[in-house]
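Undergrad: Pasting in a structure now, in structure tokens, and then I'll have a few things to ask.
The values are calculated or read from the model by the stated rules, or taken from the named source; none is laboratory data. Since the model is a prediction, treat every value here as computed from it, not as a measurement. As a convention, Cβ positions derive from the backbone with ideal geometry for all residues, glycine included, and neighbour counts pool all protein chains shown. The area values use the complete protein model at the heavy-atom level, side chains included, leaving out ligands, DNA and RNA. Shrake-Rupley method; radii C 1.70, N 1.55, O 1.52, S 1.80 Å.
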Amino acid sequence: MGTVTKLKPKSQTPPRELAGHLIADAERPEHRYLGSPLLEYLTSGALPREALKDYAVLRWAFQAHANPAMMLSHAAFLEGDDVEHLLENAYDEIFRLAGEGDHPGLWVQFAKLLGATDEELTEVARKPLAEVIGFPRTMTHYCRKSAAEGLATWWGDEKQLPEAHGATALALKKYYRLSDETIEYFYEHVRADIEHTEHSLSLFEGYVKDRGDVVRGRRAAAVTLWAWREMHDGILRYLQKKYDF
């Protein structure tokens, strides 16, 4: 009989390895957006209705500070047509004209229809909770370090947003009887982020070169997911102290 030669499994490429890690890491309980206590209160209808306006006001600081540096810093590491993806993402997030689904405008609409005033929104943007401002600053930090870290940061965050925002929209409609106009921000994010994540993942092939990129990208995404949850935990701590629930 001839000798049977065992075939060695094909080594996984760095882009695929990073993608696999990010998908698995996002399922860890401490990283799950829908598992954050504030979203659990919201999606179950347990958040006091009077706290909804404060939630909208406090979280506005993130949207107010979602600036071009956060959106576009990692464009410096990309080449050719790949930069177009970032520009389109930035357009969807912060550059759309008023009335055309611009995300900051939709959050202001959400807050104002819940009773927030211009003065309240201006003040919280000027003096945000530390946990809230920490999230956009975390994303900006990693987007300025390397292509792998910037892409992993954005993909890790946006991968979970359609699920989180979709569930929030359904709960706001079901339990709090909010109109479609009031919660359009959440609908728009579900539509936009599904497309963004599909394209961002394809970019890994060109910019995740070695194990160092895998390790740095995985760390960037994990810290970003922690910062998102900490932003919402900080808001929840404020609301619980104010409304005693």
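Undergrad: Find the residue count for the stretch 35-56, including only residues that are of a type outside the set (Phe, Trp, Tyr), under 24 Å from Val108 (Cβ atoms) and open to solvent by 10 Å² or more (accessible area, probe 1.4 Å).
TA: 6
Undergrad: Okay, moving on. Of the residues that make up the stretch 144-159, is at least one closer than 21 Å to Val190 by Cβ, part of a helix (DSSP H, G or I), out of contact with any Leu (no Cβ under 6 Å at 6 or more places or on another chain) and open to solvent by 20 Å² or more (accessible area, probe 1.4 Å)?
TA: For the stretch 144-159, residues closer than 21 Å to Val190 by Cβ, part of a helix (DSSP H, G or I), out of contact with any Leu (no Cβ under 6 Å at 6 or more places or on another chain) and open to solvent by 20 Å² or more (accessible area, probe 1.4 Å): present.
Undergrad: Residues of the stretch 124-166 being more than 21 Å from Arg211 (Cβ to Cβ) and among the hydroxyl-bearing types (Ser, Thr, Tyr), which ones?
TA: Thr138, Thr140
Undergrad: Keeping to the stretch 160-188, report how many residues are in contact (Cβ under 8 Å) with a residue 40 or more places away in the chain, under 30 Å from Ala222 (Cβ atoms) and open to solvent by 20 Å² or more (accessible area, probe 1.4 Å).
TA: 3
Undergrad: Suppose we keep only residues that are over 21 Å from the mean Cα position of the chain (by Cα) and charged (D, E, K, R) within the stretch 214-245. Which one would you say is surrounded by the most Cβ atoms within 10 Å (Cβ to Cβ)?
TA: Lys242
Undergrad: What pairs come out if I take residues in the stretch 41-55 that are in contact (Cβ under 8 Å) with a residue 60 or more places away in the chain and pair them with residues that are in a helix (DSSP H, G or I) and of a type in the set (S, T, N, Q) whose C-beta lies under 8 Å away, six or more apart or interchain?
TA: Sorted first by the residue in the stretch 41-55, then by its partner, the pairs are Leu42/Thr168; Thr43/Thr168.
Undergrad: Now for a different question. List the helices (runs of 4 or more DSSP H) that sit entirely inside the stretch 36-105 and contain at least 1 residues that are closer than 17 Å to Leu172 by Cα, modelled with pLDDT of 80 or more and under 17 Å from the mean Cα position of the chain (by Cα).
TA: The qualifying helices (runs of 4 or more DSSP H) are 37-44, 51-64.
Undergrad: All but one of (1) at pLDDT below 95; (2) loosely packed, with under 12 Cβ neighbours inside 10 Å; (3) over 21 Å from the mean Cα position of the chain (by Cα) hold for Arg16, so report the exception by its number.
TA: For Arg16, the failing item is (2).
Undergrad: Here's a follow-up. In this structure, does Gly115 turn out to be among the small types (Gly, Ala, Ser), open to solvent by 20 Å² or more (accessible area, probe 1.4 Å) and under 19 Å from Glu181 (Cα atoms)?
TA: Yes, satisfied.
Undergrad: Checking Pro128 against (1) within 17 Å of the chain's Cα centre (by Cα); (2) open to solvent by 30 Å² or more (accessible area, probe 1.4 Å); (3) closer than 19 Å to Ala61 by Cα, which test does it fail?
TA: Every listed condition holds for Pro128 apart from (1).
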